[in-house]
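A short write-up of the structure that comes next.
Since every read-out is calculated from the coordinates, none of them should be taken as a lab result. Just so it is clear, the model here is predicted, and its values are computed rather than measured. Positions of Cβ are backbone-derived with ideal geometry, glycine not excepted, and every protein chain shown enters the neighbour counts.
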Amino acid sequence: MNHPEGMPNATYIEGKALAAATRARVARQVAVLATEYSVTPGLAVVLVGADPASQVYVRNKRRQTIQAGMYSFEYNMPETTSEESLLQLIEELNADPRVHGILVQLPLPPQIRVAPVLSAIDPSKDVDGFHEVNTGRLWNGGNAVVPCTPMACQMLIEHVRGDDLAGLHAVVIGCSNIVGKPVASLLLRAECTVTMAHIKTRDLPALARTADILVVAVGRAGTVRGDWIKPGATVIDVGINRVECSSSGKQRLVGDVAFAEARKTAGAITPVPGGVGPMTIACLLLNTLGAACRQHGLPVPGDPAAADSPTNGNAARHCAT
Ligand code: NAP
């Protein structure tokens, strides 16, 4: 069922604007931390190899870290780096008091196993939230560092629906460790009824049509069609897919949801690009701020400009102290 004649399409969830507001707030909190406690958060980003997409992500992270008033430490290692050398660098960063957050950009070259690398990061500096201590705490309801993209999804949902999500049915399509599973865990913590769907799920369109909140993270353009959406649902499209434009031959980015169709039925929907992506980096800054405060035994400073900012409650909840 489409929106009735004359009714507007879905609200466009402005990830870019919310991300800008979040980054500005983090910058104000970082300034308070520096002035009152002489602490400046530091984020170390490690890139192994020269994957062009990873280089762009790392550049954006560096720029935004510096703009927020934090220290950025960047380590570019050659494609041929051994697992041992990377583990050695992580050990040094774990011991470096200027570094409060460590992020190893994925994917890694094939000679390096991801699991030992993620496990080597001090859980309190694990600003990606991928260490098993943090994933375990997330599922146990403990004080976890929450992975950035899932946190971004929850903040975007709460931005349009408010923070009382209790009893809503959330369907999460895609079950990766870095997106689908932690998103499901966060929505469960928010008292949603959560269904996790994956490649073997039967009659996925029918299941999706029962979702008040639909989060899609599969990595395949156009997986979710307009007639999969429950009227009024909140749709969060995590996917980032490069597709060729048939007329110009140029590449463009699209999500996993057929946006033009879905926006006719959804109540609110994230665009791609400009939705989850920018919020993910803003959440990385939030995690770095939280990590710095935690390591110095300090509370996360309130926002001097807007104590009741719409993102304040969530951030405070997610920045484990
Ligand atoms: P992933 O590790 O490949 O996981 C994808 C998941 O979707 C898997 O559980 C997979 O199941 C499932 N799946 C694949 N096709 C499906 C289908 N047709 N129906 C139902 N389930 C299906 O990917 P990811 O790392 O979670 O990333 C997902 C997407 O999000 C990618 O496009 C990625 O680029 C994007 N992403 C965006 C951000 C951001 O900041 N915006 C951050 C991270 C990821 P199987 O394993 O059984 O195949």
Fill in the blank from the handout: Checked against the positive end of the charge dipole of the stretch 37-166 (+1 on Cβ of Lys and Arg, -1 on Cβ of Asp and Glu, about the Cα centre), the farthest of MET155, ASN76, PRO109 is MET155
Exercise for the section: Please get the size of the charge dipole for the chain, origin at its Cα centre, with Cβ charges of +1 on Lys and Arg and -1 on Asp and Glu, quoted in debye to the nearest 20. Expected result: 560
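When N is the residue count of the stretch 147-277, what does its C-alpha Rg come to as a fraction of 2.2 N^0.38 Å?
Values: Rg = 13.8 Å, N = 131, 2.2 N^0.38 = 14.0 Å.
In units of the globular-protein estimate, the stretch 147-277 measures up at 0.99.
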Fill in the blank from the handout: Count of lysine pairs, the chain, Cα-Cα under 19 Å, sep. 8 or more residues or interchain, comes to 4
Problem - Within a Gaussian network of the chain (alpha carbon springs, distance under 10 Å), most fluctuating of ARG225, ARG202, ARG242 - result: ARG202
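What does the charge count near ILE121 come to, summing +1 for each Lys or Arg and -1 for each Asp or Glu among other residues with Cβ under 15 Å from its Cβ? Before the final figure, lay out each step's value.
Details: positive: ARG113, LYS125, ARG137, ARG294; negative: GLU83, GLU91, GLU92, ASP96, ASP122, ASP126, ASP128, GLU132.
Summing Lys/Arg as +1 and Asp/Glu as -1 gives -4.
Rank by packing, highest mean first: peptides 183-194, 162-173, 46-57, with packing defined as the count of other Cβ atoms within 10 Å averaged across residues. Intermediate values should be presented prior to the final figure.
Values: 183-194: 20.9, 162-173: 18.2, 46-57: 15.8.
Listed from highest to lowest mean packing, they are 183-194, 162-173, 46-57.
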Exercise for the section: May I ask for the distance between the Cα centers of the stretch 26-61 and the stretch 192-263, given as a whole number of Å? Expected result: 31
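How long is the gain from ASN177 to LEU253 if the chain were fully straight, where each residue apart is worth 0.36 nm and the alpha carbon distance is subtracted? If you can, show how the numbers build up before the last one.
Numbers: separation 76, 0.36 × 76 = 27.36 nm, distance 2.30 nm.
Using 0.36 nm per residue and subtracting the Cα-Cα distance, I get 25.1 nm.
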Handout entry: Among ASN143, ASN287, ASN94, residue whose mean-square fluctuation peaks in a GNM of the chain (springs only between Cα atoms under 10 Å)
Key = ASN143
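If you take every residue apart from ARG220 with its C-beta less than 14 Å away from the C-beta of ARG220, what net charge results, scoring Lys and Arg +1 and Asp and Glu -1? Spell out each step's value before the answer.
Values: positive: ARG225, ARG242; negative: ASP237, ASP256.
That works out to 0.
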Practice task
Evaluate the relative contact order of the stretch 147-277 (contact order divided by residue number), counting alpha-carbon pairs under 8 angstrom at least 6 apart; express in whole percent.
Solution key: 23
Exercise for the section: Report the one residue of LEU168, GLY222, VAL146 whose Cα lies farthest in the direction of the positive end of the charge dipole of the chain (charges on C-beta: Lys and Arg +1, Asp and Glu -1; origin at the Cα centre). Expected result: GLY222
Fill in the blank from the handout: A chain fully extended from ARG59 to GLU244 at 0.36 nm per residue, minus the present Cα-Cα distance, gains in nm 64.1 nm
Completion exercise
Out of VAL160, VAL145, VAL30, a Gaussian network model of the chain with alpha-carbon springs under 10 Å gives the largest mean-square fluctuation to VAL160
